[in-house]
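The structure appears below as structure tokens.
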Amino acid sequence: MNVHVIMQSRLVSIALFFLICASVSLAGCVNPVGSRSTSRTATSPSVSSTAPSQNPQTSIFRNVAQEAGLNYRWSSPGKRPLTILGTIGNGCAFLDYDGDGNLDILLVGPAPALYRGDGKGKFKDVSAETGISALKGYLLGCAVGDYDNDGHPDIYLSGYREGRLLHNQGGKRFADVSASSGLKPQPWGSSAGFADLDGDGALDLYICNYADFSPETKPQLCKFQTKDHGDVLSSCGPRYYTGIKGAMYHNVGGKFVDVTKQWGFDTHNGRGLGVAFADIDNSGRIAVAVANDEAPGDLFARQGTAMAFENIGEVSGTARDRSGSVHGGMGVDFGDYNNDGKFDLFVATFRNEAKALYRNDGGSLFTDISYPAGVARPALPYVTFGAKFLDFDNDGWQDIILCNGHVQDNIKQIENVDYPQPVVLMRNSAPGQFEDATQSSGIGSLPPIVGRGLASGDYDNDGKIDVLIVDSEGSPLLLHNEVGANNWIGFRLLDKSGRDAYGAVVTVKAEGLTQTKICQSAGSYMSASDPRTLFGLGTATKIESATVRWPGGGTSVISTPLLGCYMTIKR
């Protein structure tokens, strides 16, 4: 049963106050199965006082994909050695397509699959009954958002010479409405994301495009001279191909209009692989960050009152690394890693390139602090694709998880480097200082994979963030978070239409620590994550304040935040 906590004004009557509190405490909170009692009051919530150790315990994350029922496998298409198209990989998503309060899982590939979650850790393949199994094509990534404001999340699938818009029909089936939507197949669509960029209450769509590649493109394989294997043919790098610009589509009454040039997105540098959205200057306007492969990164920010975006990548300090070089940029994500109320930017990069963390200094200016913050080295030897900010130990500080895998399937013959590579977890161990927690978290015990898409979400509603990862040469990884207890609170934010309020910013203050998070599903690589905002509170037993700044303007104060549950807040 879903009960909405309606906070349309800061002042409510005492009677309504207690009515809402009682409703939330009994039914409005999604509680972990077999954990704290659902019987609680707003004034004295039942919370755990057990404090975790200063360092994470071992075996925090456990791969439960097989026992959870995710019977799916990817295999790289084409004969080997693979071309750059053959190793681009795929994406995945956490979403609640049927509105039952439990996250479901979408796995994208030539034959995409949808699994319904029961909220208790089990998933059932519903690809056939939802119409997903009928889709065929060179499908690569996904974006999730309710583009028609009917309260049901829809899906966009990107791909090579592809692009599908899937309309969610009442949480039961998906209909391919691509032909009538105004969206065109892209030459090589990679990551995509929904966001309301003009504040009209309808989600717009940005689609990254990668490179000009076709069966006639020459060369596709390049010759590498090696000491032990002679001349070896392998995939040519991105600089052999002309980059393609991304596409920006404006949502006009549920139909999409290409406004790439009109809104200023035609200044994109090309070879886009990752996209993320955030309000970077507390203006209430959403900026768009695009990670590009061997090209300067883009950061599109709206200027003035007109619908015009300026590419401020170079002037903001996010286009290049600290030495002035461009990245092999793949995944990208926004998060407030130092809890100063400003959204910082992380960009996943190629092997022997620092994984880039840009601190938001205000005024739309950023500083590359990858090395001082400790994020540059743990994944330096790896090619990183999926990347997400997440607070895996609920201590109130956002950590970073990365999945890695090389782009040449026979790189071992050329450089004695492995094609499958390990997943890496970096823990925010002190304010703004990261340490490698790969081994201590249990992630180090996982076998190396050809990592590509990565999504985060609390699929069993226990207040601990879980992770879904694509292995391009194997099965998905579903990493169940089994960290020791720390207190938490989560919010599902709904706009007036009943859809997830993408762009809403939540600020929570507890025991002097202030955290800020944005409601969004985009970010990482070709994937979509749980749009709920989850706050780890450490040992705090009381929240001093919790506010929501809504997209388009207006702020709500959450008068009775309840620890240990997800609260649904509707404007």
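Key figures for this structure:
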| quantity | calculated |
| --- | --- |
| For a label point 7 Å along the Cα-to-beta-carbon line of K172, residues of region 110-140 with backbone N under 12 Å | 130 |
| Cα-centred dipole magnitude for region 414-571, charges only on beta-carbon of K, R (+1) and D, E (-1), debye, nearest 20 | 1000 |
| Packing-based order for 312-324, 499-511, using average beta carbon neighbours within 10 Å, highest first | 499-511, 312-324 |
| Accessible area (Å², per residue) of the chain, counting only protein heavy atoms and a probe of 1.4 Å | 36 |
| Of G189, A202, V290, farthest towards positive along the dipole that unit charges on Lys, Arg, Asp, Glu beta carbons give region 155-297 | G189 |
| DSSP-loop trypsin sites (Lys or Arg not before Pro) across region 182-241, with at most 16 other Cβ within 10 angstrom | K227 |
| Estimated FRET transfer efficiency when R0 is 45 angstrom, pair D200-K223 (beta carbons, to 0.05) | 0.30 |
| Using distinct alpha-carbon pairs, which all enter the 1/r mean, Kirkwood radius of region 219-366 in Å | 16.7 |
| Nitroxide proxy distance, nm - points 7 Å out along Cα→Cβ at Q303 and V417 | 3.8 |
| Point-to-point label distance, E216-V557, nm (Cα→Cβ direction, 7 Å offset) | 6.6 |
| Among V275, S127, L563 the positive-end extreme of the charge dipole of the chain (Cβ point charges) | S127 |
| Listed residue pairs exceeding 21 Å between alpha carbons, taken from K172/K496; K388/K517; K355/K388; K124/K184; K388/K412; K223/K412 | K172/K496; K124/K184; K388/K412 |
| Heavy-atom accessible area order for E162, E310, largest first, 1.4 Å probe | E310, E162 |
| Residue-averaged 222 nm ellipticity for the chain, from DSSP H runs of 4+ at -39500 (n - 2.57), nearest 500 | -1000 deg cm²/dmol |
| Y371-E67 pseudo-label distance in nm [points 7 Å out on the Cα-to-Cβ vector] | 4.4 |
| For the chain: relative contact order, % (alpha-carbon pairs under 8 angstrom, 6 or more apart) | 18 |
| Part-to-part distance (alpha-carbon centres) for region 160-187 and region 236-286, which is given in Å | 19 |
| K124 - accessible surface, heavy atoms, 1.4 Å probe, Å² rounded to 10 | 120 |
| The chain, dipole about Cα centre (Lys/Arg Cβ +1, Asp/Glu Cβ -1), debye to the nearest 20 | 340 |
| For the chain, the fraction of alpha-carbon pairs in successive 20 Å shells from zero, as % | 23, 59, 17, 1, 0 |
| Signed unit charges on C-beta, dipole axis of the chain, positive-most listed residue Q413, I105, F213 | I105 |
| Antiparallel DSSP beta bridges within the chain, percent to nearest 5 | 95 |
| Peptides ranked, highest mean first, by Cβ atoms within 10 Å: ranges 110-116, 489-495 | 489-495, 110-116 |
| Whole-Å semi-axes of the ellipsoid equivalent to region 168-228 (Cα gyration tensor, √5λ, descending) | 38, 16, 13 |
| Relative contact order computed over region 288-420 (Cα-Cα under 8 Å; 6+ residues apart), in percent | 17 |
| Volume per residue that the Cα convex hull of region 357-436 spans, once the total is divided by residue count, Å³ | 108 |
| Mean Cα-pair separation over length for region 164-313, i.e. relative contact order, pairs under 8 Å, 6 or more apart, % | 19 |
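The values are calculated or read from the model by the stated rules, or taken from the named source; none is laboratory data. Remember, predicted model here, so these are calculated numbers, not experimental data. Methodologically, a virtual Cβ is constructed for each residue, glycine included, from the backbone with ideal geometry; neighbour enumeration extends over all protein chains shown. Protein only, heavy atoms only, side chains kept; ligands, DNA and RNA dropped before computing areas. Shrake-Rupley method; radii C 1.70, N 1.55, O 1.52, S 1.80 Å.
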